[in-house]
Amino acid sequence: MLADPQSITVATVARSMPKISNSGMHSFYQSLDTLWSLDITHRVVTRDKKRRVVSLAVFTQKKVVPDPLTAVNDYETLSESLQIDRPEAGFTSTEVSDQWTGLSSWLSASSNAIVLKLYGRES
């Protein structure tokens, strides 16, 4: 079980998100101002007659932004996620962690250059 609350630091500010719901394989954490949330889900799916475990963490920011055409303010969201899709057996937690270390190092190298390239729709 994850700690309650969860905290993620964005631009040097820690965003504390207490758990507001829990239903076994799903937990939802949200900041008191409701502008930040963390959604954690786990599910077992069958794909090509094989059972797989899919774990998903989605971190979302909500903010008020002006519509460029009407100048009317409205809420918009930005979500970033991590999905682990694995067979029920065959990969150890160490292998999953090692692969994540490689991917996160690639994403964060050179001051997050890859993230900025993804934002710019490079492929």
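Derivation of every value follows stated rules applied to the coordinates shown; laboratory data play no part. Please read these numbers as outputs of a predicted model, since none were measured by experiment. Cβ: placed from backbone, ideal geometry, glycine included. Neighbour counts: every protein chain shown.
Details
- Residue satisfying condition, being closer than 25 Å to residue 17 by Cβ, among the basic types (Lys, Arg), surrounded by fewer than 14 Cβ atoms within 10 Å (Cβ to Cβ) and in contact with a strand residue (DSSP E or B) (Cβ under 8 Å, 6 or more places away or on another chain), within set 50, 63: 63
- Restricting 74, 98 to those that are of a type in the set (D, E, K, R), without any contact (Cβ under 8 Å) to a residue 12 or more places away in the chain and part of a strand (DSSP E or B) reduces the list to 74.
- Residue within the stretch 85-102 that is in contact with a Leu (Cβ under 8 Å, 6 or more places away or on another chain) and β-branched (Val, Ile, Thr) present: no
- Residue within the stretch 25-37 that is surrounded by fewer than 14 Cβ atoms within 10 Å (Cβ to Cβ), free of Cβ contacts under 8 Å to residues at least 12 places away in the same chain and part of a strand (DSSP E or B) present: no
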